[in-house]
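The values are calculated or read from the model by the stated rules, or taken from the named source; none is laboratory data. No experiment lies behind these values; they were computed from the predicted model shown. Because the Cβ atoms are built from the backbone with ideal geometry, glycine has one as well, and the counts that use them run over all protein chains shown.
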Amino acid sequence: MTTAPQTIGSRARPNPLAKLWGSLSLVFESRIGTIGFFMVAFWFALALISIVWTPYDPNASLFGQNLPPNAENWLGTDHLGRDLLSRLMQGTQVILVKTRLPNGWVIPIGVALWGVLGSLTLGTLLGLNAGYRGGWTDQIIMQIQDALIAFPRIVLYLVVIAAMGQGDLVVILAITLTGAPGVARLARSLALDIKTRDYIRAAETRGESPWYIMFVEILPNARGPLIVDAMLRVGYAIFAIGTLGFLGIGLPPPDPDWGNMVNEARRFIYTNPLAVLWPSLAIATLVIGLNLFADGLREETTRYQK
Amino acid sequence: MPQSPVLAIEDLAITYRIRGGEIDAVTDVSFQIQRGESFGVVGESGCGKSTVAWSVVGFLGANGYVKRGSIQFLGQELVGRRPDELRKLRGNQIAMVYQDPMQALNPSVRLGQQLKEVLTVHQKVSDQEAEERCLAMLKRVHMPDPADVMGRYPHQISGGQQQRVVIAMALLNNPALLIMDEPTTALDVTVEAAVLDLIDELRQEFNTAIMYISHNLGVVARVCNRVGVMYAGEMVEVAPVEAIFQDPRHPYTQGLIRCVPRLGADKASSVLYPIPGRVPPPDQRPTGCLFHPRCDYAQARCQEERPFLRLFAEDHRVRCHFAEEIDMASWQPPEEVQAAIQAHAGAPNGAQGSPSSPGEEIILEVEGLRKYYVAQGNSLRDVLGLAPKRFVRAVDGVGFQVPRRTTLGIVGESGCGKSTLVKTLIGLEGATDGRAEFLGFDLTVDLSKRPERLIQELQMVFQNPDSTMNPSYTVGQQIARPLIRFQTVPREQVQDEVIRLLEAVRLDASYLDRLPRQLSGGEKQRVGIARALASRPDLVLCDEPVSALDVSVQAAVLNLLLAIQKEHGTTMLFIAHDLSVVRFFSDHVAVMYLGQVMEFGPADAIYAPPYHPYTEALLSAVPIPDPGARQRRIRLEGSVPSALDPPSGCRFHTRCPRRHLLPDNGAICAAEVPPWRDVGDGHRIFCHLSLETLRSLEPVIQR
Amino acid sequence: MARFIFRSVISTIVTMFLVSLALFLLVEVGSGDITVKILGVFATPEQRASYRAQLGLDQPWYIRYLDWLVGNDWRVRSRIGHPLVAVPNPQTKELEWWAQVDGQLVRWEMREGHLFALVRQPDGSVLEQPADDQWQQTPEGKEIFWGVNTKNSAVKWVRGEGEEVYVLTSAGMRKEGDGPQQYIPLRKGLLRGDPGTSLQTGRPVSVTLFPRVRNTAILAGMAFVVVMPLALILGIIAGINEGRLVDRAISVSSLALTATPEFVTGVFLILIFGIWLKIVPAVSVFLSDRAIFENPQLLILPILTLTAVELGYIVRMTRASMVEVMNAPYIRTAILKGLPYWQVVLRHAVRNALMAPITVIMLHVNWLVGGIVVVEAVFGFPGLGSYIFDSAIFGDFNAIEAAAMLLVSIAVFTRLVGDLLYTFLNPRIRYS
Ligand SMILES: Nc1ncnc2c1ncn2[C@@H]1O[C@H](COP(=O)(O)OP(=O)(O)O)[C@@H](O)[C@H]1O
Ligand code: SF4
Ligand code: SF4
Ligand SMILES: [Mg+2]
């Protein structure tokens, strides 16, 4: 499906998806990378399954309250008698595979991923310009970036949410804004490094435009570290969504939110500690999985660079 | 010598473990080094030279181990020793110096501290005594102002001085064995010459055994008594240095010698013969003789039977079945090589030949060209913009003319402004002042203001093969880009044109889809040349295009550039720090010092008196791959002054060894800018000394 | 070095300015109608408008920004014609604004169409004097008066045209006559130490903020003292044993720690130590602002939580840096000198390895702040984090701005310290 059709005779230009897959598949060379991949894949699979099927309606109080795990409810029930497994499964969706727009529409790809995509785009744009052009452009972009970094993230989240209210898009915006400076920093340092290479001189002496150089000559070579960084950022984003959910200002209902599940369950931690454990585990494993995946990827990409 | 050798290596094989297998980096190496002897190890990169060195100090990293053989140091076996026993030898009896001095010193510890601990860790000495001994050693290695250097950090001294510190550090405990792995490769010729002198002196004084690794045959000829040639993990020839250069018996050794230009050789009268092919990576070594795919003498036997390192004559071992029959003097280039080379090198060429005899159209004319950079001060006054602006005068009034179809070579030490000059001409930087004209276009403006056609006519070949190509695109894509951008050929012919260009640089269509990481250094450099040629430029600027390549590859690339010049009538500007290469390749040569041209003239004229005192010093520093050549020793003192505050009058006066020939010890040199002395035939010298005096100078090199 | 320091300092100042502007715009301009929060959804448009005017919200944003940043008494002074001073109220210690007329502190009040001057007596009491003689004629023939009212605003009264204003009282909005036509709430400005009044409590932000800051400083400070040495040592140990079992163990556990959100760690620590082991009180009840001094064991779990979260990150940073340094050529040189391994590590590796993480760790203070907000929420800890959180939920912008600016200053300041420390540790910069 995603493999490039091998044109015979003519030079096959590798399809970008196949290229991406080519670089991702490196990860299986590394053991921790493989473990990470399967941890992440597990949650993705669960998210996709939950779209078509969950054991029960995640928002319906169908059972006794705070039940321990049993044959009907594999993970038990919460304080309102809702099935925890169904809620846990449904909770993956907004993070990983869908985003709800204010007008009620649903678009694919989850909030965490959109957010990281946003910061990747914004950060790369700023960072490449700062690094490649240097001079005043660099000074100004770096200053703005410094200011953004100076905001403690949580304050930025709080302020953005206080200003704009709750919603998937707001969370995406908050993740984008908090992530962009870090990406910009990375992209800038990569651009600073790559721009010293002779092939950039060659492009310049060919009279190529700065945009061509930044996006055609530099960006493809900065791709590896940026992708690795993005993986880690997805982890941070999930972490942040959990935190916001716990504080009660995260993704809005009706979809269950892992952080919020922890918050609700902790009042009954005496009687039903497992209700706290499951969503916590979910966040932790997903974040760890992404970290391992990124580590594996980094290990392999740097190995191939040498 | 009745003594046991300092180092005796027998049958050594070293292997690195990597994921999914092992790399047999070294498979069969044997040699001995006696006290007071300097043993050179040469070979192309990847032959396992460094690996042998590291194995002696027991530092093969986490994944390397000695698979077979023995390493005996003063009669003791080192293989299999306990780490703490090795530790006691290291730094005390065995010392090592390696390539990049800046990297070898800890950036955040004072040099004195780093020196002293070599002593204190191995012996009981007081701090006071250690300090004194370090000072004495620094003096010994001719370090200017040693007491001051002790209190400094590595970044506060120059590269040459750093290497002296590292050498001093290695010698502090008067080791029995000193291992040096390319210790001068990163240094300028003048600095290199001084360091090599030092090594020679120290060997005689301390009677140390030295293992000296280098890829530069000239350097080896200069400092070594005996030489071992390594190829693909094996020692292929071991002999005294004279024998290696005068009567090499292994075809590989011969090949190495044939592919470097002799100082004084030029393209009209001599030819470089590259060794075909490349060193096979450890996992692709052939059967039989490892060299047979590249060997001109190979016969059926060579493919099956592995030769052993055998005694050929007194103290001369060779690993070749036919060592007796092989004679360097009677070597004939294989027919196809001969034909190819004759096609371009034999034909009339350059300044000597007919198509571009003097009086031919001047294609590039530069006059009084200046490029100043604003210096960043660091004091508070500078930061606040209160201090007056200061300028780094990187290029300060340079002028020359280049006729069409010729090559102008530019030489000089690093920091003399060669690269800035090229950057200004190509338009990466705008000029500060002066005139530069090419085909009627103004070259003093930067690229953003240059018309498309000028950009197209002026292209560049870069130094570093590893960074000359964008790692993300295939060879085909990268050569096609300038074709598309400049619309050199219609869109549908691009592919054919790319293939034509690849063939022009002796590659073929099978390279189209390869990525840079699948190419060797020489191949990358060829692609770089093809890319520069794609827009069919009239002038190509080559910034050290071969200095990062192995000698055999270097020869091939130089031949290629010559052929291209012949075929397309391209004019070239050729920068290099290797005077032999420049001499070989260029029609005219400009010698630069501190942003100014010191001497300009036809290539052959520059290399014999009359010449500028600076040129003389450079020539005296060039390592010559011929142990029989006698070279007068002229060493410059100090280092190149800062371009922020260039010396008054003649810029060279602070270091000039010939000033004393002028009255008053050359007072005029410091006071007045020298005149251009015209020798005739376009040869000019920028010096106060009269032409008679300059003519009477003794030639630097005699055979 | 001068250049480096100069740049850092300038950049810090510019950063602070940009941040304050962004923060102000985001919070004040971006946030919805604050009167909904304060007056409820049933207030009428007139009530809202009147209330907004009293808060000075009818001014354009840049005026409000300047007022907020540098105060407005110096601007308003010319209208009133007397110097304005802020003196603390003898009972509440809160600042009150007075005009200084002939050496006396005076405010004004309008009742039933008449103006009264309230003159503050040395003992703090107030003497009331009719002041109808102070009205001033305008060219249009109106009689106006600019003065300071009892609610710390500079106001403009027009004689005979008393506005109807809605005053917020504890019982709700009350309509009053004789209101001023224009309000300028007086403030000294953030730069002069006055963050304004909390919209939620009506009291000056600075009064509530102080104990919160103190509590958080204690919490974060203690966590820092626990984390730093531990993390650096663990990171170095892991780094010099790259790939070995110790390294694996340290790396994996620090990854697990970083990947577990603070609230999860906190909740489980309560479960384990409070409920199962009963070592510390399970429920931390901070009855007063001073509870942490009376009951120091209440601090244990919050500190542990913060430690757990921070530890992993710093360990990972230090480890990475140590690994890099241990592979550097100068370490090879040191080993080839024959130095014993521990000397190589201590003399040559550690210092270089700690240099890089220092700036990053200092940057990380930001992150710590995030942790604090959550930890305080989990434990109900009365600190800065819960303060900013509550204020954000309410939309109390003076409070958010003050607390956020404080946090930002801490973050920016620590980064400056990190930069300077780095300069100092790194001879390449120090001697350039
Ligand atoms: N640490 C290592 N791990 C794996 N392979 C290595 C390592 N070091 C060197 N090699 C391989 O060993 C061979 C010999 O390398 P080297 O000793 O550096 O040669 P030289 O010094 O002659 O250039 C090369 O093929 C190189 O790639
Ligand atoms: S053995 Fe044969 S292939 Fe090898 S060097 Fe000798 S002649 Fe050449
Ligand atoms: S002018 Fe004087 S200082 Fe300069 S090169 Fe000639 S002799 Fe030497
Ligand atoms: Mg080597």
Taking the criterion of being within 16 Å of ligand 4 (Cβ to nearest atom) and surrounded by fewer than 21 Cβ atoms within 10 Å (Cβ to Cβ), would at least one residue in region B:319-327 satisfy it?
no
Out of (1) touching a helix residue (DSSP H, G or I) at 6+ places or on another chain (Cβ under 6 Å); (2) within 8 Å of another protein chain (Cβ to nearest Cβ), what's the single condition that is false for B:ILE455?
(1)
Residues of region B:399-438 being under 22 Å from B:VAL546 (Cα atoms) and among the acidic types (Asp, Glu), in sequence order, are B:GLU413
Report yes if A:PRO256 is crowded, with 18+ Cβ neighbours inside 10 Å, more than 10 Å from every other protein chain (Cβ to nearest Cβ) and not in a helix (DSSP H, G or I), otherwise no.
yes
Can you report the number of residues in region A:69-86 which are of a type in the set (Asp, Glu), buried (at least 21 other Cβ atoms within 10 Å of the Cβ) and under 10 Å from A:PRO55 (Cβ atoms)?
1
Select from region B:562-583 the residues that are crowded, with 22+ Cβ neighbours inside 10 Å, aliphatic (A, V, I, L, M) and in a helix (DSSP H, G or I) and list them in ascending order.
B:LEU562, B:LEU579, B:VAL581, B:VAL582
Subset of region B:484-493 that is more than 11 Å from chain A (Cβ to nearest Cβ) and in a helix (DSSP H, G or I) - its residue that is farthest from B:ALA534 (Cα to Cα):
B:GLU492
Name the single residue, out of those in region C:93-113 being surrounded by fewer than 18 Cβ atoms within 10 Å (Cβ to Cβ) and without any contact (Cβ under 8 Å) to a residue 40 or more places away in the chain, that is farthest from the chain's Cα centre (by Cα).
C:ASP102
Collect the residues in region B:175-201 that are within 16 Å of ligand 1 (Cβ to nearest atom) and modelled with pLDDT under 85, keeping them in residue-number order.
B:THR184, B:THR185, B:ALA186
Restricting to region B:444-485, count the residues that are under 14 Å from A:GLY207 (Cα atoms) and either crowded, with 18+ Cβ neighbours inside 10 Å or of a type outside the set (Lys, Arg) (or both).
19
Do any residues in region B:138-159 that are touching a residue at least 24 places away in the same chain (Cβ under 8 Å) have Cβ atoms under 8 Å from those of residues that are of a type in the set (A, V, I, L, M, F, W, C) and in a loop (DSSP other than H, G, I, E, B), where the two are at least six apart or on different chains, and which pairs are they?
B:VAL149/B:MET143; B:VAL149/B:ILE157; B:TYR153/B:VAL109; B:PRO154/B:LEU105; B:GLY159/B:ALA186; B:GLY159/B:LEU187
Residue among B:ILE94, B:ILE33 that is within 27 Å of the chain's Cα centre (by Cα), touching a residue at least 60 places away in the same chain (Cβ under 8 Å) and either within 27 Å of B:LEU202 (Cβ to Cβ) or within 13 Å of chain C (Cβ to nearest Cβ) (or both)
B:ILE33
Which of (1) in contact (Cβ under 8 Å) with a residue 60 or more places away in the chain; (2) farther than 18 Å from B:LEU619 by Cβ; (3) near ligand 3 (Cβ under 10 Å from one of its atoms) does B:PRO675 not meet, given it meets every other one?
(1)
The residue from A:LEU244, A:LEU192, A:LEU286, A:LEU251 that alone is closer than 26 Å to A:SER25 by Cβ, of a type outside the set (Phe, Trp, Tyr) and in contact (Cβ under 8 Å) with a residue 40 or more places away in the chain is A:LEU286
Does region B:206-227 contain at least one residue that is in contact with a Cys (Cβ under 8 Å, 6 or more places away or on another chain) and either within 13 Å of another protein chain (Cβ to nearest Cβ) or closer than 22 Å to B:LEU619 by Cβ (or both)?
no
Identify, from the list B:LEU290, B:LEU272, the residue that is closer than 21 Å to B:ALA25 by Cα and surrounded by 13 or more Cβ atoms within 10 Å (Cβ to Cβ).
B:LEU290
Candidate set from region C:344-372 (those that are at the interface with another protein chain (Cβ under 7 Å from one of its Cβ atoms) and of a type in the set (S, T, N, Q)); member that is farthest from B:MET169 (Cα to Cα)
C:ASN366
Can you name the residue in region B:99-108 that is within 16 Å of ligand 1 (Cβ to nearest atom) and in a loop (DSSP other than H, G, I, E, B) and is also nearest to B:TRP54 (Cα to Cα) among such residues?
B:GLN99
Of the conditions (1) of a type in the set (Val, Ile, Thr); (2) in a loop (DSSP other than H, G, I, E, B); (3) modelled with pLDDT of 90 or more, B:THR253 fails just one. Which one is it?
(2)
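Enumerate the helices (runs of 4 or more DSSP H) found wholly within region B:151-227, keeping only those where 1 or more residues are more than 16 Å from ligand 2 (Cβ to nearest atom) and polar (S, T, N, Q).
Counting at least 1 such residues, we get B:159-171, B:189-206.
Take A:LEU126 and decide whether it is surrounded by 22 or more Cβ atoms within 10 Å (Cβ to Cβ) and more than 28 Å from A:ALA180 (Cα to Cα).
Working: surrounded by 22 or more Cβ atoms within 10 Å (Cβ to Cβ): yes; more than 28 Å from A:ALA180 (Cα to Cα): no.
Taking the combined requirement at face value, the residue does not satisfy it.
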Would you be able to tell me the number of residues in region B:46-65 that are away from chain C (no Cβ under 14 Å) and more than 6 Å from ligand 1 (Cβ to nearest atom)?
2
Taking interchain pairs and intrachain pairs at least six residues apart, which have beta carbon atoms under 7 angstrom, with the first residue in region B:486-497 and of a type in the set (Phe, Trp, Tyr) and the second assigned to a helix (DSSP H, G or I)?
B:PHE486/B:GLN456
Of the residues B:GLN299, B:GLN246, which single one is away from ligand 3 (no atom under 16 Å from the Cβ), within 30 Å of B:ALA621 (Cβ to Cβ) and surrounded by fewer than 22 Cβ atoms within 10 Å (Cβ to Cβ)?
B:GLN246
Are there helices (runs of 4 or more DSSP H) fully within region C:294-374 with at least 3 residues that are over 30 Å from B:ILE94 (Cα atoms)? List them.
C:300-326, C:350-363
Tell me, yes or no, whether region B:509-522 has at least one residue that is within 12 Å of another protein chain (Cβ to nearest Cβ), crowded, with 20+ Cβ neighbours inside 10 Å and outside any strand (DSSP E or B).
yes
